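Undergrad: I have a structure here, written as structure tokens, and I will follow up with some questions on it.
The values are calculated or read from the model by the stated rules, or taken from the named source; none is laboratory data. It should be emphasised that the depicted structure is a prediction, and the values quoted were computed from it without experimental measurement. Heads up, the Cβs are rebuilt from the backbone with ideal geometry, glycines too, and the neighbour counts pull from every protein chain shown.
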Amino acid sequence: MPETVEWVTLYNPSQDAWHRVPDHPVVVQDFQDRGWETPEDSAARAEADAGQLRGKELEDALEQAGLSKGGTVKDKQARLADFRRDQAPVPPEPTEPFDPQVEETPTEETEGEQV
């Protein structure tokens, strides 16, 4: 029997798309090199992006998110980073791919049989 394959779900923000790939460092790195992110990468990017904002851009981002504009710049950035981390895309519920080596395709003969 073949080894079971572990999967990881990656997200591409520019395409707003999800893709499941084998959880192997070389495969995951190849996808990351082409712009795909793990959910952890997405949260880290959201936090880093919020940390770069200052002045009017920060105020506008807080207003768009419906967050308070009070406090120091660091407080505002932290508030926005928390919000964006919570808003990070959530991967869809995974479905396992069909594996013909271990699964049987129902036929007319097997559909009516009781086990």
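Undergrad: If a residue must be surrounded by 14 or more Cβ atoms within 10 Å (Cβ to Cβ) and assigned to a strand (DSSP E or B), how many such residues does the stretch 20-45 contain?
TA: Going through the stretch 20-45 one residue at a time, the tally reaches 3.
Undergrad: If you don't mind, there's one more thing I want to ask. Check off (1) of a type outside the set (Val, Ile, Thr); (2) within 17 Å of ASP86 (Cβ to Cβ); (3) modelled with pLDDT of 90 or more for PHE31 and give me the number that stays unchecked.
TA: The number of the failed condition is (2).
Undergrad: Follow-up. Any idea which residue in the stretch 46-68 is farthest from HIS19 (Cα to Cα), counting only those that are surrounded by 13 or more Cβ atoms within 10 Å (Cβ to Cβ) and without any contact (Cβ under 8 Å) to a residue 24 or more places away in the chain? Walk me through it before giving the result.
TA: First, pick out the residues of the stretch 46-68 that are surrounded by 13 or more Cβ atoms within 10 Å (Cβ to Cβ): 46-47, 49-51, 53, 58-59, 61-62, 65, 67.
Those still in the list that are without any contact (Cβ under 8 Å) to a residue 24 or more places away in the chain too: 58-59, 61-62, 65, 67.
Numbers: LEU58: 32, GLU59: 34, ALA61: 29, LEU62: 31, ALA65: 28, LEU67: 32 Å.
The selected residue is GLU59.
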